[in-house]
Amino acid sequence: MKKFLAILLSVIMLFSFGIIAFAEGEETTGDLPNNIGKKEGKIVLSIENTYIEASKEYSIPVRLYADYLSKVPADAEKLYIGAAGIDLAGDMKTEYAELKEIRFADGVSLEKVEASYDPTTLGYMAFGIDKAHFNEYLSTSDEGIIIAYIDIVVNDNLPEEYGVDFGQLYFDGTYDLNYTLGEQYPEIGQSAGFILADGTFSVIETPGSPDDDIVYDTACFYHTPYVPTWKERLTTWAKAQGHLFVSFFITILEVLDSFLTK
């Protein structure tokens, strides 16, 4: 009976070690950096930071944070925002991924600029938000609202490197909306603004100006964190405990010895 109790105690102790190590090993290596959130009196366009793996496809959310409703002209009919494109940067562009397309939410329209529009760079475009959706899109909660998804394909060249920024997905600057709306609104000459009821264009200050009302936030890509096996977690945990681990087992052995010698 004493031997049985001693063995049972040993099994319980080892099982407890396994549970502790498994729980402590739930944390993966590294965390994604935070995107820019909602800013007072601004329109923030944020492409979400993303974990990626080789040979997989991803739909990257474009999230809008806006505290801008009070700045909307009373007779505004539509908001246009122009961008020279959406593109990959760094090794993501040259080595690891390909852009496929951008898909906008209801109430947001994509205005392609040229017949030679290149889907691999998602270049030269403007997108518009209709008046009916101003309340929804220009006065968001702190969590923002997803207005689009950018589809990318990651190839099999992506190395298993953790905590490494492989490159960015970003709005490639602004451009003159004359390229898109010039025939109808020849006086625009700006990258963002509201079309008013009388057909005129009310300009929004864009990045690069002292009072810019629009903020572009890029996405960074990191390899999906490695999740260790339970054996690796147990080993890592045991090594981290050091002398405490050894002292505990010495105590257990002393208890077992007392059981077996009585």
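Brief remarks follow.
- 20 Å reach of a label modelled at GLU101, 7 Å along Cα-to-Cβ, counting backbone N of the stretch 54-81: 56-63
- Proximity of backbone amide H atoms, modeled 1.01 Å from N, is registered between ILE52 and TYR222, HIS223, THR224 at under 5 Å, excluding neighbours fewer than 5 places apart on the same chain.
- Long pairs among LYS39/LYS100; LYS71/LYS93; LYS39/LYS131, criterion Cα-Cα beyond 28 Å: LYS39/LYS100; LYS71/LYS93
- On full extension, the segment bounded by ALA89 and ASP211 gains 41.2 nm, given 0.36 nm per residue less the C-alpha separation.
Taken together, the values in this text are just the output of simple stated rules run on the coordinates, not laboratory data. For clarity, every value in this text was computed on a predicted model and none was experimentally measured. So basically every Cβ, Gly included, is an ideal-geometry build from the backbone, and we count neighbours across all protein chains shown.
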